[in-house]
1. Would you mind checking the tilt of helix 41-54 against the longest principal axis of the Cα atoms of the chain, expressed as 0 to 90 degrees and rounded to 10?
2. Show me, bin by bin at 10 Å from 0, the whole-percent P(r) of segment 129-192 based on Cα pairs.
3. How far, in degrees from 0 to 90, does helix 147-156 lean away from the longest principal axis of the Cα atoms of the chain, to the nearest 10?
4. Round to a whole angstrom and tell me the spacing of the C-alpha centers of segment 1-53 and segment 77-132.
5. Provide the FRET efficiency to the nearest 0.05 for the V145-E185 pair, computing r from the beta carbons and using R0 = 22 Å.
6. Straight distance only, please: which lysines reach the Cα of K46 with their own Cα at less than 25 Å, same-chain residues fewer than 8 apart left out?
7. Just tell me the longest site-free run in the chain, where the sites are GluC sites (Glu not before Pro) in a DSSP loop having at most 16 other beta-carbon atoms within 10 Å.
8. Where both residues lie in the chain, what percent of DSSP beta bridges are antiparallel, nearest 5?
Amino acid sequence: MLQIQDVVVSFDVLKEKFLCDLSACHGACCIEGDAGAPVELDEVEKLEEVLPVIWDDLLPEARTVIEQQGVVYTDCEGDLVSSIVNGKDCVFTCYDDRGCCYCAIEKAHREGKTSFYKPVSCHLYPIRIGDYGPYKAVNYHRWDVCRAAVLRGQKENLPVYRFLKEPLIRKFGAEWYAELEVATEELKKQGLLK
């Protein structure tokens, strides 16, 4: 483990390789699993504000879920998560003509229709953030639906923390990320990381 300010970072985030391969996975991380994506309390209002912008891109079943229970719910572990359709699909998913799943919020952001990118937990995936009182933990989450991303990351020699530079800065700030890079290089010099 590596500590940067009040954040503990797993060595897996520094040494494992990852690069999303949407052509291989078709966005499975948005449609698989047993709960929605973790959502921070201050993101709920942003999700509700973006609804009119993305409403027409959402599946009819997703609109029904949102109308009945809202954009988020509390899962069995007590965490606030995005609402899901039929026990798996995030309500914010949309599909292209090839069957690839996309985040409707991210799509709207890329089209300049909203300043909100998407929930930070989604932006950070495959990193998951744990909250332990005065400390946060940054951990690499392994999931078989991301096998192609691991292979592509190995081919390109792209560590998880570099792949996720933008969302890590979004979450913890540019100064924190710069400290992470310096500490990682020092670990490499010491032979503790390859």
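What follows draws every value from the coordinates through simple rules; no lab data is involved. Since this is a predicted model, take the numbers as computed values, not measurements. When we count neighbours, we look across all protein chains shown, and the Cβ atoms used for this are built from the backbone with ideal geometry, even at glycine.
1. It is inclined by approximately 50 degrees.
2. Spelled out bin by bin, segment 129-192 gives 17, 42, 36, 4 percent.
3. 40
4. Value for the Cα centre distance between the two parts: 8 Å.
5. Working from the Cβ atoms, E equals 0.10.
6. Candidates past the 8-residue exclusion: K88, K107, K113, K118, K136, K165, K171.
7. The longest such stretch corresponds to 112-194.
8. 85
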